[in-house]
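Right, one structure below, let's go through it.
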Amino acid sequence: MTTPHPTTLSAAEARRIALRAQGFLGAPDRRAGVRGVLRHLGAVQLDTISVLARSHELVPYARLGAVGRSTVEAAYWGNASADAPRAQPHAFEYWSHAACILPIEEWPHFAFRRRAYRSRPHWSHALPDGTYDQVIKQLRTEGPLTATELGGAKRTSEWWDWSGAKVAVERALMYGEVVCVERRGWKRVYDLAERAVPEALLHDDLDDAECLRRLVRLAAQSLGVGTRADIADYHRLKGEQFDAVIADTGLVPVTVEGWDKQAWADPAALETAPRGRHRTTLLSPFDSLVWERARTERLFGFTHRLEAYVPKPKRVHGYFAMPVLAGGHLVGRVDPAREGSTLVARQVTLDGPKAVPAVAQALVEAASWVDCTDVRVERVDSPELRAPLAAELARALA
């Protein structure tokens, strides 16, 4: 006889379920490594900002600890050299929550999005006649290339003024005829999907409903528990797309204390109570634990906003303020920078004296990961906590 799943969760139970689902509660699966993190999360968001490291590097670091940055890149894309051919990738880039790295086995389940792009009636960039076919021909003849190697990424110095070759190859990527096989100096390296995607996965055979069922299930597994908006937002599905398939996903409707919306849970997440050690770490603002502001406020009572694009005089917490996770709670923020071998905390926000040891630990671990031997704090929002934080840092660095 199977035990019925609970239909009501306390706020604390929901938070622990979410932390375990996101890989922050319990022992990490180190044998699976970075690829395991990617499969577990289903999507790792990309972003151009690099302070300590780029966001797609920070995400596995936050869960696994000091995994080498070259190891992260190799895990996503596979190794290639002049002496060895490129292995088939374990991941591909596509539009999910935003521009994301996705497990290669999910290629078939984004057929619904590729079809939508192919039937799109208008585009923001015009495509010159013949350019699309020329780009495909060049990739077929010359192998993987960057937009620069295809003829230039931009027509002028303006970031938005793409060249015809860039427009063509990005459209081919959206259509699924081209895939990004790696990043080289942050430039996408494009190849034909027929070469890069394993043959068994290279198809658009699944109808929209099957694709959506899979992505809704995957999102719920990665979140543990979430509302309609939480689950749909994970892969940027529309609410009506969620509604069309939710009854066939096997997800369990639940009520969460303090949440004013219906929620659904991954049934596997309800089978055992989440237990284990909580991770203490800095989080990328683009980490899937915190990328959705309303959910972050609901789970942690923590208001989080990336201020990189906010004018400097209007910033409250700093350019790239990183939430600090400890004991299953968000206990502060750090706006970091690097100066030589010193990790600089330009601004630190602490949720009271109890947060001091955790924030110090997170800073020292992050410094070691990026080969910094010292930590310097410039500003603490609560001046009375500056001395205790300095003492904890000195103890941890000793």
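Per-structure values
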item: Among 56, 116, 316 - extreme Cα towards positive end, dipole of the chain, charges at beta-carbon; result: 316
item: Solvent-accessible area per residue for segment 253-354 (1.4 angstrom probe, square angstrom); result: 47 Å²
item: Per-bin percent of Cα-Cα distances, segment 350-398 [5 Å]; result: 4, 23, 35, 23, 11, 4
item: In order through segment 225-236: 3J(HN,Hα) via Karplus (6.51 cos²θ - 1.76 cosθ + 1.60), integer Hz, x for Gly, Pro; result: 8, x, 7, 3, 5, 4, 6, 5, 5, 4, 10, 6
item: Relative intensity, log₁₀ I(q)/I(0), of the chain from a Debye sum that treats every alpha carbon as a point, q = 0.11 Å⁻¹; result: -0.88
item: Approximate spin-label separation residue 394-residue 207, in nm, with each point projected 7 Å along Cα-to-Cβ; result: 7.0 nm
item: Pairwise FRET efficiency - residue 142 versus residue 119, Cβ, R0 = 30 Å, nearest 0.05; result: 0.50
item: Cα-Cα separations in segment 170-214 greater than 12 Å, expressed as whole percent; result: 67 percent
item: Simple label model, 7 Å out from Cα along Cβ direction - residue 247 to residue 275, nm; result: 3.9 nm
item: Estimated 222 nm signal from helices in the chain, with DSSP H stretches of n ≥ 4 weighted -39500 (n - 2.57), rounded to 500; result: -10500 deg cm²/dmol
item: Kyte-Doolittle at least -0.5, axis length at least 18 Å by Cα - qualifying DSSP helices, the chain; result: 208-223, 356-369
item: Of 88, 40, 104, farthest towards positive along the dipole that unit charges on Lys, Arg, Asp, Glu beta carbons give the chain; result: 40
item: Relative contact order of segment 118-261, pairs being alpha-carbon contacts under 8 Å that are 6 or more residues apart, as %; result: 16 percent
item: Amide H contacts under 5 Å for residue 154, placed H, 5+ residues apart; result: 163
item: Sorted peptide list for 354-364, 18-28, criterion being average Cβ within 10 angstrom, highest first; result: 354-364, 18-28
item: Ranked order, 154, 137 - accessible area, probe 1.4 Å, largest first; result: 137, 154
item: Relative contact order computed over the chain (Cα-Cα under 8 Å; 6+ residues apart), in percent; result: 17 percent
item: Nonlocal amide H pairs with residue 99, under 5 Å, H built at 1.01 Å; result: 46
item: Overall Cα dimensions of segment 202-354 - principal axes, largest extent first, Å; result: 51, 36, 30
item: Segment 299-398: C-alpha gyration tensor shape, a/c 1.5 cut-off, then a/b vs b/c; result: oblate
item: Ranked packing of 224-233, 193-202, most packed first, by mean Cβ within 10 Å; result: 224-233, 193-202
item: With all protein chains modelled, accessible area of residue 123 [1.4 Å, Å²]; result: 60 Å²
item: Spin-label pair residue 305/residue 12, simplified geometry with 7 Å Cα→Cβ offset, distance in nm; result: 3.2 nm
item: Segment 152-278: radius of gyration over Cα atoms, expressed as a fraction of 2.2 N^0.38 Å; result: 1.43
item: Carbon and sulfur %, accessible surface of the chain computed with the full protein complex present, 1.4 Å; result: 50 percent
item: Point-charge dipole on Cβ atoms (K/R +1, D/E -1) for the chain, about Cα centre, debye to 20; result: 720 debye
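The values are calculated or read from the model by the stated rules, or taken from the named source; none is laboratory data. All figures in this text were calculated on a predicted structure; none of them were measured in a lab. Glycine gets a Cβ as well: all are built from the backbone with ideal geometry, and neighbour counts include every protein chain shown. Keep in mind that these areas ignore ligands, DNA and RNA; they rest on the heavy atoms of the full protein, side chains included. Shrake-Rupley method; radii C 1.70, N 1.55, O 1.52, S 1.80 Å.
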